[in-house]
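The values are calculated or read from the model by the stated rules, or taken from the named source; none is laboratory data. All values derive from a computational prediction rather than experimental measurement. Note that each Cβ is placed from the backbone with ideal geometry, even for glycine, and that neighbours are counted across all protein chains shown. We work out accessible area using only protein heavy atoms, side chains counted, and drop any ligands, DNA or RNA first. Shrake-Rupley method; radii C 1.70, N 1.55, O 1.52, S 1.80 Å.
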Amino acid sequence: MTPEMNHKQTIIFILIVLGLSYLIFWGPVALLKLRTANLVEGRIYNIPAFILFFIGGFVPSITGLALTTIYEGKPGLKNLLKSAINLKFRSNIYFIIFLYPVIIGTFQVIIYSLTGGSIDFFQFIKQLPAILPLLLLGPLSEEFGWRGFLQKRINDSFSPITGSIIIGLTWSLWHLPLFFMIGTSQHDFNMPFIPFMISVVSTSFAYTYVYLRSNGSLSAAILFHWTGTYILQVIASQVSRTPVYNWLESLPALATGFVFIILLKRQK
């Protein structure tokens, strides 16, 4: 595939994902200030708005699968699906997949404790029933797009560091409507977008490293997303947010992001 084709397909993916999010699914719900649901309490307030909210979460993966089929045909789609269930990669990648979220979570707990809060660690066991739904809402609903389609093309056109920044910015901008959508944690907890974007871009360096070192394994990215989502959600569910914590929360991801930048610079 030529660089020009890579660039074109990259731009098309980004425009479709952001366009569908802003104009069709999440944007209208946020603009009309529709309350969708409280997922913690299991309550749905507005069924049409909730449907838009739910389907909108699958836009990256749906777009990635659709464009893979268009550009690579059935063989490309088959390879992508096989990559999502292929768990044969090095043990050090498993080590990163499970250790990285623990490190980020640990430092977030430390920061929260220093700002006067406390965490009930028993919640990691109590919230285990949510771990299977979390596989669907995040890892599977997004990773066929971010890593399965976008990362593959960006790696062929840009350096790992530049590519990580592009993916991280797209990934964070896709979440932007959630910060204006009643009922989401981003809106209800008054989370500032800039620290969130810093965290996502910083985390993208780790995803790129895992993707490269696992020879482009989508299953590695899905597991990485899954473990991170669970650990950080258990912590986030107990945090009473303050302006200070909202801004300090991104520091662990930022610090580890620099570590992975150094590791990526050593990649060919």
(message) How large is the Rg to Rh ratio of region 49-96 when both quantities use alpha carbon positions and Rh follows Kirkwood?
(response) 1.15
(message) Apply the Karplus curve 6.51 cos²θ - 1.76 cosθ + 1.60, θ = phi - 60°, to the phi angles in region 19-24 and return the couplings in whole Hz, x for Gly and Pro.
(response) x, 5, 5, 7, 9, 10
(message) Can you work out the Karplus-derived ³J(HN,Hα) for every residue in region 125-136? Use 6.51 cos²θ - 1.76 cosθ + 1.60 with θ = phi - 60°, whole Hz, and x for glycine or proline.
(response) 8, 4, 8, 4, x, 7, 5, 6, x, 5, 5, 7
(request) Show the residues, 5+ positions off or on another chain, whose built amide H is closer than 5 Å to the amide H of ALA37. (result) TYR45
(message) Before I look further, what does the chain give for accessible area per residue, probe 1.4 Å, in whole square angstrom?
(response) 50 Å²
(message) If I ignore ligands, DNA and RNA and count only protein heavy atoms, how much of ARG213 is accessible to a 1.4 Å probe, in Å² to the nearest 10?
(response) 80 Å²
(message) What distance in nm lies between label points placed 7 Å from Cα along the C-beta direction at LEU81 and LEU23?
(response) 3.0 nm
(message) Between ARG43 and ASN215, what is 0.36 nm times their sequence separation minus the Cα-Cα distance? Round to one decimal in nm.
(response) 57.8 nm
(message) Expected output is a single nm value to one decimal: the length gained when fully extending between GLN267 and ALA130, i.e. 0.36 nm times separation in residues minus the C-alpha distance. What is it?
(response) 45.7 nm
(message) Taking the Cα centroid of region 205-268 and of region 94-130, what is the distance between the two, rounded to the nearest whole Å?
(response) 13 Å
(message) Using a Cα-Cα cut-off of under 19 Å, which lysines could be cross-linked to LYS265, ignoring same-chain neighbours fewer than 8 residues away?
(response) LYS152
(request) Find how much the distance from ILE103 to GLN123 grows on full extension, using 0.36 nm per residue of separation minus their present alpha carbon separation; answer in nm with one decimal. (result) 5.5 nm
(message) What figure, in Å² to the nearest 10, do you get for the accessible area of MET191 with a 1.4 Å probe and non-protein molecules left out?
(response) 40 Å²
(request) For region 1-122, with all protein chains present and a 1.4 Å probe, just round the carbon and sulfur fraction of the accessible area to a whole percent. (result) 72 percent
(request) Normalise the Debye intensity by I(0) for region 161-268, one equal point scatterer per Cα, no solvent, then take log10 at q = 0.11, 0.13 Å⁻¹ and round to two decimals. (result) -0.37, -0.51
(request) Could you tell me, in Å, what Rg and Dmax come out for the Cα atoms of region 119-218? (result) 15.4, 45
(message) From the convex hull of the Cα coordinates of region 1-61, what is the mean projected area in square nanometres?
(response) 4.9 nm²
(request) Tabulate in residue order the Karplus-calculated ³J(HN,Hα) for region 110-124, using 6.51 cos²θ - 1.76 cosθ + 1.60 with θ = phi - 60°, rounded to whole Hz; enter x for Gly and Pro. (result) 4, 4, 5, 5, 5, 9, x, x, 8, 10, 8, 5, 5, 4, 5
(request) Using only C-alpha atoms and all pairs of different ones, pull out the Kirkwood radius for the chain in Å with one decimal. (result) 19.1 Å
(request) Would you pull out the residues with amide H under 5 Å of GLY183's amide H, same chain only if 5 or more places away, H placed 1.01 Å from N? (result) ASP188
